[in-house]
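Written out below as structure tokens is the structure these notes cover.
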Amino acid sequence: MNAPYALPGDDVAYSFGFLDEFAKREVRRAILKAIAIPGYQTPYASREMPMGRGFGTGGLQLTLSLVGPDDTLKVIDQGSDDSVNAVNLRQFVELTCPGVQTTTHTRQASLIQSRHRVPEVPLTDAQILVLQVPYPDPLVVVEPSEARRKAMHAEGDYSRLLTKLYEDIVQFDEITISHRYPTRINGHYVIDPSPIPRYDVPKLHQSAALVLLGAGREKKIYAVPPYTDAVPLAFDDVPFRVEDFHDEHGQRRACCRCGATDSFLDELIADDGSKSWQCSDSDYCDEQLAAHQAGAAT
């Protein structure tokens, strides 16, 4: 078995958080601008990272620019703390940020980096959520020119995007977007909220925590500041709706592990074809299971 990897012994060659101080300052300036103009895609000079673009480099650069020795970091991938992406990013931060504590508990974390999920536990104003983003611009599906997209964002012209949603309704009787649902921030800019499910989009609305979104490949940073309106695009007669976890009898499905009926569920298919459902958020599932076990013990 290979020994755990360690950075070279020459500490001078690596600054805290891997990125040099100039890169961190530039990212922080971009973050401040993104917070000042909610939803605006702020360009920045995305650095080369020791992983391929598309594997969370944008979110990681945000995290490395913000994290300090007194922070507690949680990294999740689609709700799980133990997936390959989450484990690799967590270990990289542990290697390059001496003194930073890591955790799997949402309530203990001051900084949370996530891929494709917003934690089930409501976040507080003492926490920051960083979301990894592959494609930051929701208009890319209707307009290939970035220059024209910038003008459309500036003018608040989202008519072609609304037409795309309308065509979905005409063809399928409902809006079929399952993730990356376009969301209007603070009454103006429409963002791609990362590939989070529709179930998580309402959590961005008036969130107590600062939400930062980083796209390393596209070199863009944008934000949903605390207590800011985040409203999904929809029509008056076809309202926005989230995923439905009710069975054929109208009963809300429960997690097969902890019994929770108020969380986003992953569908699991066994070898024999049978189906079960389990909480996507592993920490929330563990928390609910521990509460049930404690109640049964008393």
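The values are calculated or read from the model by the stated rules, or taken from the named source; none is laboratory data. Just so it is clear, the model here is predicted, and its values are computed rather than measured. Note that we place each Cβ from the backbone using ideal geometry, even for glycine, and neighbour counts take in every protein chain shown. Accessible surface is based on the protein model in full, side chains and every heavy atom, while ligands, DNA and RNA are left aside. Shrake-Rupley method; radii C 1.70, N 1.55, O 1.52, S 1.80 Å.
Let me know the number of lysine pairs in the chain closer than 27 Å at the Cα, not counting same-chain pairs under 8 apart.
Lysine pairs meeting the criterion: 22.
Assuming R0 = 35 Å, can you tell me the calculated FRET efficiency for the pair Lys275 and Ile169, based on Cβ-Cβ distance, to the nearest 0.05?
E between Lys275 and Ile169, to the nearest 0.05, is 0.75.
So, R0 is 41 Å and r is the distance between the beta-carbons of Gln251 and Arg148; what FRET efficiency does that work out to, to 0.05?
The pair Gln251/Arg148 has a calculated efficiency of 0.30.
Give me the accessible area per residue for the stretch 227-298, probe 1.4 Å, as a whole number in Å².
Ligands and nucleic acids excluded, the result is 63 Å² per residue.
Compute the distribution of all C-alpha to C-alpha distances in the chain, in bins of 10 Å from 0, and list the percent of pairs in each, rounded to whole numbers.
6, 25, 33, 23, 11, 2, 0
Sequence-distant or interchain residues sharing an amide H contact under 5 Å with Glu143, placed H: which?
Excluding prolines and chain starts, which carry no amide H, there are no hits.
Residue-wise, which Karplus ³J(HN,Hα) couplings in Hz belong to the stretch 66-74, taking 6.51 cos²θ - 1.76 cosθ + 1.60, θ = phi - 60°, and x for glycine or proline?
Karplus values, whole Hz, x for Gly and Pro: 9, 5, x, x, 8, 7, 10, 10, 10.
Tell me, what ³J(HN,Hα) does each residue in the stretch 111-117 have, in order and in whole Hz, if you take phi through Karplus 6.51 cos²θ - 1.76 cosθ + 1.60 with θ = phi - 60° and put x for Gly and Pro?
Karplus-based 3J(HN,Hα) across the stretch 111-117 equals 9, 10, 9, 9, 10, 6, 8 Hz.
Determine the shape class of the stretch 60-105: with a ≥ b ≥ c the square roots of the Cα gyration tensor eigenvalues, call it rounded for a/c under 1.5, and otherwise prolate if a/b is greater than b/c, oblate otherwise.
Prolate shape, in that a/c is at least 1.5 and a/b is the bigger ratio.
What shape does the stretch 86-245 have by the C-alpha gyration tensor, where a ≥ b ≥ c are the square roots of the eigenvalues, rounded means a/c under 1.5, and otherwise prolate means a/b greater than b/c and oblate the rest?
prolate
Using modelled amide H (1.01 Å from N, peptide plane; none on Pro or chain starts), what sits under 5 Å from the amide H of Thr102, excluding residues fewer than 5 places away?
Residues meeting the criterion, in which the H sits 1.01 Å from N, are Leu73.
Points 7 angstrom from Cα along the Cβ direction at Leu32 and Val141: gap in nanometres?
If labels sit at Leu32 and Val141, their model points lie 3.6 nm apart.
Can you work out the accessible area per residue across the stretch 106-186, with the rest of the protein chains kept in place, probe 1.4 Å, in square angstrom?
Roughly 48 Å² per residue, with all protein chains present.
Over the chain, with every protein chain in place, what whole percent of the accessible area is carbon and sulfur at 1.4 Å, could you tell me?
With neighbouring chains kept in place, the figure for the chain is 53 percent.
Residue by residue through the stretch 289-298, which ³J(HN,Hα) values in whole Hz follow from phi under the Karplus form 6.51 cos²θ - 1.76 cosθ + 1.60 (θ = phi - 60°), with glycine and proline marked x?
5, 5, 5, 5, 5, 5, x, 5, 5, 8
Could you bin all the Cα-Cα distances of the stretch 199-273 into 10 Å bins starting at 0 and give me the percent of pairs in each, rounded to whole numbers?
14, 28, 33, 21, 4
If r is the Cβ-Cβ distance from Leu289 to Gln108 and R0 is 25 Å, what FRET efficiency results, to the nearest 0.05?
My answer for the efficiency is 0.90.
Under the rule of at least 5 residues apart or a separate chain, name every residue whose amide H is placed under 5 Å from the amide H of Phe240.
Phe235
Assuming 0.36 nm per residue, please report the length gained on full extension of the stretch Asp20 to Ser178 beyond their Cα-Cα distance.
That works out to 53.1 nm of additional length.
Given the -39500 (n - 2.57) contribution per DSSP H run of 4+ residues, what per-residue ellipticity at 222 nm results for the chain, rounded to the nearest 500 deg cm²/dmol?
-8500 deg cm²/dmol
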